[in-house]
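The values are calculated or read from the model by the stated rules, or taken from the named source; none is laboratory data. This structure is a prediction, so every number in the text was calculated from the model and none was measured. Note that each Cβ is placed from the backbone with ideal geometry, even for glycine, and that neighbours are counted across all protein chains shown. Ligands, DNA and RNA are excluded from the accessible area calculation, which covers all protein heavy atoms including side chains. Shrake-Rupley method; radii C 1.70, N 1.55, O 1.52, S 1.80 Å.
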Amino acid sequence: MKMHIAGNWTDGPAAQQVINPFDGSVIDEVPAADADAVDRAIAAAYRASERARSAPAAERQALMNRAGALADERVPELAETIARECGKTLREATVEASRAGDLIRLAGHEGAQLYGTGLPLDAHPGAGTQRLGFTLREPCGVVAAITPFNFPLLLVLHKIAPALGAGNAVILKPASHTPLTALQLTEIFLDAGFDPELVSCITGSGGVIGDALSADERVRKISFTGSTEVGNRITQRAGVKKLSLELGASCPTVVLDDADVEKAASAIAAGGYANAGQVCISVQRAIVQEGVYGDFLDALSAKVRDLRTGDPFAESTDVGPLVSEREAERVERSIRASVERGSELLLGGERSGALLQPAIVANVDVHDPLSQEELFGPAVAVTKVASVDEAIAAANGTRYGLGAGVFTGNLGSSIRFIREVRAGVVHANWTPLWRADLMPYGGMKASGIGKEGIRSSVSEMTEEKTVVLHGDV
Ligand code: NAP
C-alpha cells in the first residue's frame, strides 16, 4: 500500500515490509518515509487545519457519522488485517474492529460539544458590570498521532477520531509492525468525505522520522502511545507544544484473603494473556495474600493450562503469536532469568517461533525485574504477601502507574486500595484489563501524562481562549 500525505496516496524514497508474525510471510510493503515527506505532510496539514477551523461543528459531525457507518461495513476486512499484521486471534481482532463505528460516532458527538464557560468578571475589583467574559474551545491545529502495534485499530482511533471530531488536522504515524490497519482507517475517513489534506498517514521507521514530526513547531499537539523510552525521547524533542503520553506499565492485581478466588483467577487468566499479554493494561503481577495463595495458584493454573496457542485464524486458538519472533525470544529470556534468580515456573514459557506458551511464574520477589520491568508477553508473575499494607506497597512498588485491580469481599479494603494505589485507572473486583472507550484513561508516574477516552482526548486536543467584551466603560 501507499501512504497518504499532503492529500495524495504516495510512495516513499524506500519501502518496508509488513510481516505476518505467525508464519513469517510478507503481507505487503509500505513506504519508508523520510524527513522530507514529514515536512510535506505537516505543511499540508497546517493549511488544512486553518480551513477546518472555520467549518461548523455540525458539518464535521456529519462526516464522522459517515465514517462510523463505513467502519461498521468494513469490520471483516479490518479484523482480518489486524489478525494478519499483529498476530492477535481473529476472534480478538473482530472484537477490536467492531468497536470502531461507535468510537468514531462518539468522537463526532464529543467533538461537536466544545463548551465554554461564563466568567464572573464583575467579581474582579474595578471591573464593573459593563464587561462580559467567557471562554471558547478551539481546535489546537495539527495533531501528530504516534501509535504502537498492539491495538492497531483502537489505539489509532482513540487519537485520530477525537482529533478530527474536534476540528484538527491529523498526521498519523503507525507502528512499523502494523501500518496496514492504520492505512485502511485513513481510507475510511477519506471515503467519508474529509478534506484529503486534513488526514495523513505516514509510514516508516519512528527512529528515522520521529524526531522530524515531534520537533516541528507547526505541530501543536503530540498524542503518543508506546514505550516509556520513546515517550521520553519525544518529550525531549517536542519543545513548546501540548503532549499526551500513554506509556509502559507493569500492572498489578491484588487478591486478598477475603476475595472470591475463583472469580479472581478467571479474570486474571483473561487479563494476563489476552493478545498474548501484549496489552499495556495486562495483568503482569498478581499480588496474593498468603491465606489464599495456594488456592489461587491452583485455580489460575487450571485455567491457563486450557489456553490454546496457535494460528490466529483458527477458531480454537486462544493465544496467537507475539508480534515478532524477536519479541517472543525477549519475553522467554525474561521468564528464564527470573527463574534463575529463584522464581518458580509453574507452567508454560516454551517457545516455538513467535508463539510462547502462556506462563505462570510463582514466588516472584517484588524487586525482581519480572515485577519491575514491563514484560509485554503472556506471563503472570505471582507474589505472596502477608497483609493489605504489604499488598498496597507491592502494587505501588514499581516506576509505573497505569492500571491496577483488587479482588476483595471487603468494601473498606477496596476503598483503601482505590485511595492509596497510584495508578491512573483502578478497578475493584476486576483486573486492569477493562476499558470503556468513553472513560478517562491514562497513567501516572512513568506510565504517562494526560488522559485519553474520547471526551478527555477532545479536551486535550482543543485549546481554551478567553474572551472579554468591553461595553460602555
Ligand atoms: P514503541 O516501540 O515505543 O513504538 C511506539 C511508536 O513510536 C511506533 O509508531 C514507533 O515507530 C514510534 N517511534 C519509535 N521511535 C520513535 C521516535 N524516536 N520518535 C517518535 N516516534 C517513535 O512501542 P511499541 O513496541 O509499538 O508498543 C508497545 C509499548 O506501548 C509498550 O511499552 C506498551 O506498554 C505501550 N502501550 C501503552 C499504552 C497505554 O495506554 N499506556 C497502550 C498500548 C501500548 P516504529 O514502530 O517505526 O519504531
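Tell me, which helices (runs of 4 or more DSSP H) lie completely within segment 291-403 with 1 or more residues that are under 25 Å from ASP260 (Cα atoms) and out of contact with any Phe, Trp or Tyr (no Cβ under 6 Å at 6 or more places or on another chain)?
Where helices (runs of 4 or more DSSP H) fall fully within segment 291-403 and carry at least 1 residues being under 25 Å from ASP260 (Cα atoms) and out of contact with any Phe, Trp or Tyr (no Cβ under 6 Å at 6 or more places or on another chain), they are 293-305, 369-372, 388-395.
Got at least one residue in segment 382-391 being in contact with a strand residue (DSSP E or B) (Cβ under 7 Å, 6 or more places away or on another chain), within 27 Å of LEU245 (Cα to Cα) and not hydrophobic (A, V, I, L, M, F, W, C)?
Checked against the condition, which is being in contact with a strand residue (DSSP E or B) (Cβ under 7 Å, 6 or more places away or on another chain), within 27 Å of LEU245 (Cα to Cα) and not hydrophobic (A, V, I, L, M, F, W, C), segment 382-391 yields no hits at all.
Out of curiosity, is GLY116 in contact with a strand residue (DSSP E or B) (Cβ under 7 Å, 6 or more places away or on another chain) and either open to solvent by less than 60 Å² (accessible area, probe 1.4 Å) or of a type in the set (A, V, I, L, M) (or both)?
Taking the combined requirement at face value, the residue satisfies it.
Suppose we filter ALA259, ALA269 for residues that are in the same structural domain as ALA423 (by TED's automatic domain parsing), surrounded by 17 or more Cβ atoms within 10 Å (Cβ to Cβ) and in contact (Cβ under 8 Å) with a residue 40 or more places away in the chain; which single one remains?
Of ALA259, ALA269, the one residue that is in the same structural domain as ALA423 (by TED's automatic domain parsing), surrounded by 17 or more Cβ atoms within 10 Å (Cβ to Cβ) and in contact (Cβ under 8 Å) with a residue 40 or more places away in the chain is ALA259.
For segment 214-223, check the following and say yes or no: at least one residue is more than 7 Å from the ligand (Cβ to nearest atom) and in contact with a Leu (Cβ under 6 Å, 6 or more places away or on another chain).
Scanning segment 214-223, I find at least one residue that is more than 7 Å from the ligand (Cβ to nearest atom) and in contact with a Leu (Cβ under 6 Å, 6 or more places away or on another chain), so the answer is yes.
It is to be established whether one or more residues within segment 41-56 are out of contact with any strand residue (DSSP E or B) (no Cβ under 9 Å at 6 or more places or on another chain), crowded, with 22+ Cβ neighbours inside 10 Å and more than 25 Å from GLN17 (Cα to Cα).
no
Residue-by-condition table, conditions (1) closer than 17 Å to MET64 by Cα; (2) touching a Leu at 6+ places or on another chain (Cβ under 6 Å); (3) open to solvent by 10 Å² or more (accessible area, probe 1.4 Å):
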site: VAL142; (1), (2), (3): no, no, no
site: ALA145; (1), (2), (3): no, yes, no
site: LEU157; (1), (2), (3): yes, yes, no
site: PRO179; (1), (2), (3): no, no, no
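How many residues are surrounded by fewer than 24 Cβ atoms within 10 Å (Cβ to Cβ) and touching an Asp or Glu at 6+ places or on another chain (Cβ under 8 Å) if we restrict to segment 279-305?
The number of residues fulfilling the criteria is 5.
Going through segment 395-429 one residue at a time, which ones are surrounded by 19 or more Cβ atoms within 10 Å (Cβ to Cβ) and closer than 23 Å to ALA359 by Cα?
Within segment 395-429, ALA395, THR398, TYR400, LEU402, GLY403, ALA404, GLY405, VAL406, PHE407 qualify.
Could you tell me which of the residues ALA192, ALA169, ALA163 is out of contact with any Leu (no Cβ under 8 Å at 6 or more places or on another chain) and either without any contact (Cβ under 8 Å) to a residue 60 or more places away in the chain or on the phi < 0 side of the Ramachandran plot (or both)?
Among ALA192, ALA169, ALA163, only ALA163 is out of contact with any Leu (no Cβ under 8 Å at 6 or more places or on another chain) and either without any contact (Cβ under 8 Å) to a residue 60 or more places away in the chain or on the phi < 0 side of the Ramachandran plot (or both).
Any residue at all in segment 332-350 that is among the hydrophobic types (A, V, I, L, M, F, W, C), over 30 Å from LEU90 (Cβ atoms), open to solvent by less than 50 Å² (accessible area, probe 1.4 Å) and not assigned by TED's automatic domain parsing to the domain that holds THR89?
yes
May I ask you to verify whether LEU180 is touching an Asp or Glu at 6+ places or on another chain (Cβ under 7 Å), assigned by TED's automatic domain parsing to the domain that holds ASN20, modelled with pLDDT of 95 or more and at negative phi?
yes
Out of (1) within 25 Å of the chain's Cα centre (by Cα); (2) open to solvent by 30 Å² or more (accessible area, probe 1.4 Å), the odd one out for GLY126 is which?
(1)
Can you pull out the residues in segment 155-184 that are within 22 Å of GLU92 (Cα to Cα) and either near the ligand (Cβ under 9 Å from one of its atoms) or in a loop (DSSP other than H, G, I, E, B) (or both)?
LEU155, HIS158, PRO174, ALA175, SER176, HIS177, THR178, PRO179
Cβ-Cβ below 8 Å, separation at least six or inter-chain, first residue in segment 205-233 and more than 14 Å from ALA41 (Cα to Cα) and in contact (Cβ under 8 Å) with a residue 60 or more places away in the chain, second among the β-branched types (Val, Ile, Thr) and open to solvent by 30 Å² or more (accessible area, probe 1.4 Å): which pairs?
GLY206/VAL230; PHE224/VAL230
Please list, ordered by first then second residue, the pairs with beta carbon atoms under 7 Å, 6 or more apart or interchain, first in segment 401-427 and more than 19 Å from TYR293 (Cα to Cα), second of a type in the set (Lys, Arg).
So the pair list comes out as GLY401/ARG422; GLY401/LYS445; ARG422/LYS445.
Hey, any hits in segment 144-159 for a residue that's touching a strand residue (DSSP E or B) at 6+ places or on another chain (Cβ under 7 Å) and more than 28 Å from ALA58 (Cα to Cα)?
Yes, because at least one residue in segment 144-159 is touching a strand residue (DSSP E or B) at 6+ places or on another chain (Cβ under 7 Å) and more than 28 Å from ALA58 (Cα to Cα).
Here's a check for you: in segment 437-473, which residue that is assigned to a loop (DSSP other than H, G, I, E, B) and open to solvent by 30 Å² or more (accessible area, probe 1.4 Å) is farthest from the ligand (Cβ to nearest atom)?
Here the residue is ASP472.
For segment 88-99, does any single residue satisfy the condition of being more than 18 Å from the chain's Cα centre (by Cα) and either open to solvent by 10 Å² or more (accessible area, probe 1.4 Å) or on the phi > 0 side of the Ramachandran plot (or both)?
Yes, segment 88-99 has at least one match.
Looking at VAL304, VAL319, VAL331, which is the one that is in contact with a Pro (Cβ under 8 Å, 6 or more places away or on another chain) and within 16 Å of the ligand (Cβ to nearest atom)?
Sole residue among the options that is in contact with a Pro (Cβ under 8 Å, 6 or more places away or on another chain) and within 16 Å of the ligand (Cβ to nearest atom): VAL331.
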